[in-house]
Amino acid sequence: MTYKKLVEEVSEMFKSIGIDDARLTPSKNPAYGELTSLVAFDIAKERGGDPGKIAEEIVKKLSEYKSGMISSVEALSGYINFKVDWMRYSEEILKTVIIQGSDYGKSNIGSGKKIIVEHTSVNPNKALHVGHARNVCLGDTLYRLFCFLGYDVTVLNYIDDSGTQMADVILGFTELGYPLNPEDNLRFDAYCGDVVYVEVSKKIEEDPALAEKRKNIAKLIEERDEKYYKLNREIVEKVLRDQLKTCWRLRARYHILNMESDILTYDLWSEVFKKLYEIGAVYKATSGPKAGCWLLNLSFHPILSKEGDEILIKSDGSTTYVARDIAYGAWKLGGTSKDFKYRVWIRDPWGGEVLVTDLDGDVERPIHGAEKVINVIDIRQKRPQEIVKYALELLGLRANRYIHFGYEVVAMSVKDAVKMGYKPEEGEEFVHMSGRRGLYVKVDTLLDMLKEKIRSEIRDKHPEWSVEKIEEVAEEIAVGALRYSLVKTDTDKMIILDTDEMLKLEGDTGPYLQYSYARACRILEKSSLEYSFKSPIEPVEEEKQLLRRIAYFPEVVEEVGRNLLVKTLPNYAYMLASDFSKFYEKVPVLYADNIELKKFRLAEVLAFKIVLGNVLHLIGVPLVEEM
RNA sequence: GGGCCCGUAGCUCAGCAUGGAUAGAGCAUCGGCCUUCUAAGCUUAGAAAAUGAGGAAAGCCGGGGGUCGGGGGUUCGAGUCCCCCCGGGCCCGCCA
């Protein structure tokens, strides 16, 4: 029994008296019971009359159809409140959760359907910063969510291995004398990003001749010049390997790495361009500042048209980012005749194969027929993403499947920026991260800071623990803290990262959730009694609240699957953990008055542990049994 | 100039999509619980015990703290929907 079934049961009661939509919602206050119907207000609006009286009449009729779980129906100023028989309801909830275990909350609404999620897609010339981590954590949560809902999900990571920013670092290696191997044990991705990229960018700004050289290098890479292409590929793969270490550290998984250079060599674009040309969606500018460029005609689009048409092919014949993304998007939606070949490039820590596009690859992995294609890309790319979607629509690809999952960026507190040598303006409240200027907090740096803090806390609490155990748990808590903080905030809101604030691990944080989980584990391991679903007495309010929350979980999961409001999951997890803390404080389990009660409460604790475990799994917060 | 987003307690944010019963958390602050299921531990007074004091939780309870940015409108009912305004942010490149 879940909340959903309770709704079904009450809906049946209403149907038996001729009301199809009873507008049922969870009661706001436990004093009102479990379920509330607002139908009396609807009827009053439709036919006139006093909602209070209408509700009373409905209650009169309903009382003849009492169902098993409902113990009373009452009308109160227009609301129709249903109370449940908690002796039975609690039994049903516990039975359902404990029997289903890690499947509790799963659904089959996605069975047989495919979903593609693209996330991360960080340029392979630097280490990930916290802004990227927001992308990774959101994307990975979507992946986990849709798996949980029964979909067949493929995760893509787009590797832009042929842009200007690659040319920057190549320039550094070939022309400016930066050694290919960093000194002082720097990780290669951090070396490329923190040292080479930042310093080269600075030099290019000062010396226009270098900008010219960079442009030339970019061209050589794109043309697959023997020396430059090879060097580029080598650096890309090296950085990528390191980047993936960070992503894996965050517990994110990938299936396919799409190299942009391969999108070019597979020439997906020319096919797409041909179609756009045939339907008259593109034209070549013959005069004006954009003479010689091919543009996408946006004049029929109500909003996009206001900012003019979009260049797809530059006057030198090369494609723009938007053009390449249209080609990539068409491929994702199954709208290209060609498909990539892959080779197994690496295995992730969980043994999964990670494929990379490869002209001579021996692996095929068709992805066509996806019901949804979700692209996790920060909000600044909203307009280009809308253009891509519009182009896909013009190509007749049912582009409503193409979803830009946008999110606001992560900025730094002025305090943190100043520590990096930034000179703030008067009244400035945050500082945007910038790879080029070296202003950013790397994911690994932040995780290590968190870890250090946690490590010392663990040492105080468990002086007897081995170094390995401390390391392991500290890592899990650090990751939990970061992941939770990055997914709990509304995607429409900027996160201003302040490392001092971040290191506070009390209250509404990942560790709090993990702590609740560990507490439940402690209780359970101290008893070898069987569980009982039946309570010998009416559960107290703290128990009811916990069970109520537990029963609601499947509803939450489905809702997020529908509206993609990811933060609902962490919010739910927090409420659940908070309900458990109150329960823990007020309701003795191991010291319960009698053995039957103890068995029942053990089942409650177990059910809590299962549900919190399930939701933490969805948001990628590691489960910690002891902390 | 055009498009989009944000504005809820001192600070950080839930709640807004699908309008309903007294607007919720966390941090901070003040006060309380307290060895228990997260630990029969520690310091101190005492010869010792009892007891007292201090301190003590990734915990709990309570207090204070709100013109839900402002103004109109729709509605029996608006933090939630509509319009206008104010403040802040982002985007509008032959970069990606």
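The values are calculated or read from the model by the stated rules, or taken from the named source; none is laboratory data. On a predicted model such as this, the values are computed, not experimentally measured, just so you know. Ideal geometry is used to build each Cβ from the backbone, glycine not excepted, and the neighbour counts take in all protein chains shown. These accessible areas exclude ligands, DNA and RNA; they are computed on the full protein's heavy atoms, side chains included. Shrake-Rupley method; radii C 1.70, N 1.55, O 1.52, S 1.80 Å.
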Could you work out how far helix A:51-62 tilts from the main Cα principal axis of chain A, as a 0 to 90 degree angle to the nearest 10? 70 degrees
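Calculate, in nm to one decimal, what A:Ser107 and A:Leu623 gain on full extension: separation in residues at 0.36 nm each, minus their alpha carbon distance.
On the way: separation 516, 0.36 × 516 = 185.76 nm, distance 2.22 nm.
My answer for the length gained is 183.5 nm.
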Tilt, helix A:382-394 to longest principal axis of chain A (alpha-carbon atoms), in degrees rounded to tens, equals 90 degrees
Quote the accessible area belonging to A:Lys534 in square angstrom, nearest 10, computed with a 1.4 Å probe and with ligands, DNA and RNA left uncounted. 120 Å²
Lys pairs in the range A:3-84 with Cα under 22 Å (8 or more apart in sequence, or on separate chains) total 26
Can you give the FRET efficiency for A:Thr286 and A:His432, using 1/(1 + (r/R0)^6), R0 = 45 Å, r = Cβ-Cβ distance, to the nearest 0.05? 0.70
Equivalent ellipsoid semi-axes for chain A, as square roots of 5 times the alpha carbon gyration tensor eigenvalues: give them largest first, rounded to whole Å. 50, 32, 21
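At a 1.4 Å probe, what is the % contribution of carbon and sulfur to the accessible area of chain A?
That fraction is 50 percent.
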Full-extension gain in nm, A:Lys230 to A:Asn29, via 0.36 nm per residue minus C-alpha separation: 65.8 nm
Label model pair A:Asp348, A:Ser72: point-to-point distance (7 angstrom along the Cα→beta-carbon line) in nm is 5.2 nm
Can you return the lysines within cross-link range of A:Lys215? Criterion is Cα-Cα under 21 Å, with same-chain partners fewer than 8 residues away left out. A:Lys126, A:Lys202, A:Lys203, A:Lys227, A:Lys230, A:Lys290, A:Lys314
Could you work out the Rg to Rh ratio of the range A:147-201, with Rh taken as the Kirkwood radius (inverse of the mean 1/r over all Cα pairs)? 1.25
Angle between the Cα long axis of helix A:164-174 and the longest principal axis of chain A, 0 to 90 degrees, nearest 10? 60 degrees
Kindly report the accessible area of the range A:3-84 per residue (heavy atoms of protein chains, probe 1.4 Å, no ligands, DNA or RNA), in Å². 55 Å²
In Å, what Rg and Dmax follow from the Cα atoms of the range A:3-84? 11.4, 33
Once amide H atoms are placed 1.01 Å from N in the peptide plane, what residues at a sequence separation of 5 or more from A:Ser27, or on another chain, have their amide H within under 5 Å of its amide H? A:Leu35, A:Thr36
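Which three numbers, in whole Å and largest first, are the semi-axes of the equivalent ellipsoid of the range A:461-540 derived from its Cα gyration tensor as √(5λ)? Intermediate values should be presented prior to the final figure.
On the way: eigenvalues 202, 94, 19 Å².
Taking √(5λ) for each Cα gyration eigenvalue gives 32, 22, 10 Å.
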Here FRET efficiency (C-beta to C-beta, A:Asp362 to A:Ile537, R₀ 56 Å, nearest 0.05) is 0.30
Non-local amide H neighbours of A:Ile159 (under 5 Å, H modeled in plane, Pro and chain starts lacking H): which ones? A:Asn258, A:Met259, A:Glu260
With the dipole of chain A defined by +1 on each Lys or Arg Cβ and -1 on each Asp or Glu Cβ, the option from A:Gly177, A:Asn81, A:Leu616 whose Cα lies farthest towards the positive pole is A:Asn81
What length, rounded to one decimal in nm, is gained on full extension from A:Arg562 through to A:Tyr277, with 0.36 nm per residue of separation minus their alpha-carbon distance? 99.0 nm
